[in-house]
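Q: Quick one: structure below, then a few questions.
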Amino acid sequence: MAKKKETEIVEVVAKCDKPAAISEIENMIFSLRGTQVMLDSDLAMLYGIETRALNQAVKRNLDRFPDDFMFRLTANEYKNLKSQIVTSSSQLLKSQIVTSSEIIEAKNSDSGWGGTRKLPYVFTENGIAMLSSVLRSPVAIEVNIRIMRAFTAMRHFMASNVMVFQRLEVIEHHQLELSARQTDTEQKLEEVFKRLDNGSVQPTQGIFFDGQIFDAYTFVSGLIRSAKKRIVLFDNYVDDSVLAMLDKRANGVNAQIYTRTLTPQLTLDLQRHNTQYSPIAINEFQNAHDRFLCIDDTVYHIGASLKDLGKKWFAFGRMEIDTDTLLQKM
C-alpha cells in the first residue's frame, strides 16, 4: 500500500512541467528559529502535489527527517508568520518572507490544515534536500536543484550586503531619534547621513560572514578610531596584529587589554611596540570567555578575536552595561 501511494506521488509530480524560477522560490524562504525554512504547502505547490500527500510521504520516512530537518510551527509562530513581511534588521537577513496572511489562510483551507487545528510543517535546507529521496521523479529532482540554488543565492545575497543592512539599521535608528527634535524631512535625512559619513555613529548589532575580513576589520577599526578617552579589550587570543589595530586610536586615548595568558612572545611584542608607539597595557585575566571591546563608556560584545575577524561567521552587539560597571565585576 505504501509503495502504491509513493507511486501516486511520483505521477502527480511528473505533471509539474514548469518548475518555479529561483527568484520565485527565494520569496518562499523565510527565517525561523535562527534558520531558513520553507512551508510544506509551498514545497507541495512546487512539486505539484497536495500538501497532505507530501506530509504523508515524509511520515512514512520519519527516520530521515530529524528535528533540524523538519518541525511543526507553534501557534505563536503561525500567528507571527501570517503578518511577517521581512526578517528582523538585527538578524541582518533582510530576505523577503512568506506570503500575506490571506494567502496563508487560503493554503490552510486548500491543503487540509483545517484552519488552525493542524499547524503546518516547515522544512530546513537539509530537510528539503532529503525530500528528493522521498519524492522520486525527474521533475522532483529538478525542483530540488532549483530550491538548493535559491538557498545558495540567498546566502550570497546576505553575505554581499551585510554592510548595507547595517547602514540601513543605523538610518532607521537615527531617523527615529531625530524625529523628536526636527520636523523637516530633508533636514532629518541630511543629519542622519552626516552622522554616518563622519563616523560618529556605528551599527548597534550585526553579523559578519566568512570572507568579510576587510569589512570586519574596517568596522572594528572605526570603533577604535571613535574612542575619545579609553579603549578596554577583553580577548584571550591577542597577537601583534591586535596591537597594530589599537594604534589606530586617537592621541591621548588610553588602551588596555585583558587576556588569559601573557605569553613570552606577546610580552616581547608588547615591549617592542611600547618603545615606538603610544603604550598599551596588557594584564592577565582568566575569567572572561567571550570577547568585549569597550569604547569609552560603551561595551560591545564581539564574537571573534580581533586577530581573526572575518575568517568565520561572527556576530557583534552593543551591550546595555557600561564600561565602568563591567570593570567593577572583575
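The values are calculated or read from the model by the stated rules, or taken from the named source; none is laboratory data. Just so we're clear, the structure is a prediction, and the values are computed from it rather than from any experiment. Cβ sites come from the backbone with ideal geometry, for glycine too, and all protein chains shown count toward neighbours. Accessible surface areas use protein heavy atoms only, side chains included; no ligands, DNA or RNA. Shrake-Rupley method; radii C 1.70, N 1.55, O 1.52, S 1.80 Å.
Q: Answer with yes or no whether Thr267 is over 20 Å from Ser221 (Cβ atoms), more than 33 Å from the chain's Cα centre (by Cα) and modelled with pLDDT under 95.
A: yes
Q: When the residues of region 281-310 are narrowed to those that are within 24 Å of the chain's Cα centre (by Cα) and over 24 Å from Leu262 (Cβ atoms), which ends up most open to solvent (accessible area, probe 1.4 Å)?
A: Thr298
Q: Separate question: Assuming Glu24 fulfils every condition listed in (1) within 21 Å of Thr152 (Cα to Cα); (2) open to solvent by 50 Å² or more (accessible area, probe 1.4 Å); (3) in contact with a strand residue (DSSP E or B) (Cβ under 9 Å, 6 or more places away or on another chain); (4) at pLDDT 55 or above apart from one, which condition is it?
A: That leaves (3) as the condition not met.
Q: Could you list all residues from region 260-276 that are exposed (fewer than 14 other Cβ atoms within 10 Å of the Cβ) and under 21 Å from Phe234 (Cβ atoms)?
A: Hits for region 260-276 are Thr261, Thr263, Gln265, Thr267.
Q: Looking only at region 212-228, count every residue that is farther than 12 Å from Cys294 by Cα and among the hydrophobic types (A, V, I, L, M, F, W, C) and tell me the total.
A: Qualifying residue count, region 212-228: 4.
Q: Val37: part of a strand (DSSP E or B), open to solvent by less than 50 Å² (accessible area, probe 1.4 Å) and either in contact with a Ser or Thr (Cβ under 6 Å, 6 or more places away or on another chain) or modelled with pLDDT under 55 (or both), yes or no?
A: yes
Q: Condition test on Asn251, is it assigned to a helix (DSSP H, G or I) and open to solvent by 30 Å² or more (accessible area, probe 1.4 Å)?
A: no
Q: Give the residue that is nearest to Gly310 (Cα to Cα), with candidates limited to residues of region 205-243 that are open to solvent by 60 Å² or more (accessible area, probe 1.4 Å) and not charged (D, E, K, R).
A: Restricting to residues being open to solvent by 60 Å² or more (accessible area, probe 1.4 Å) and not charged (D, E, K, R), the top hit is Ile213.
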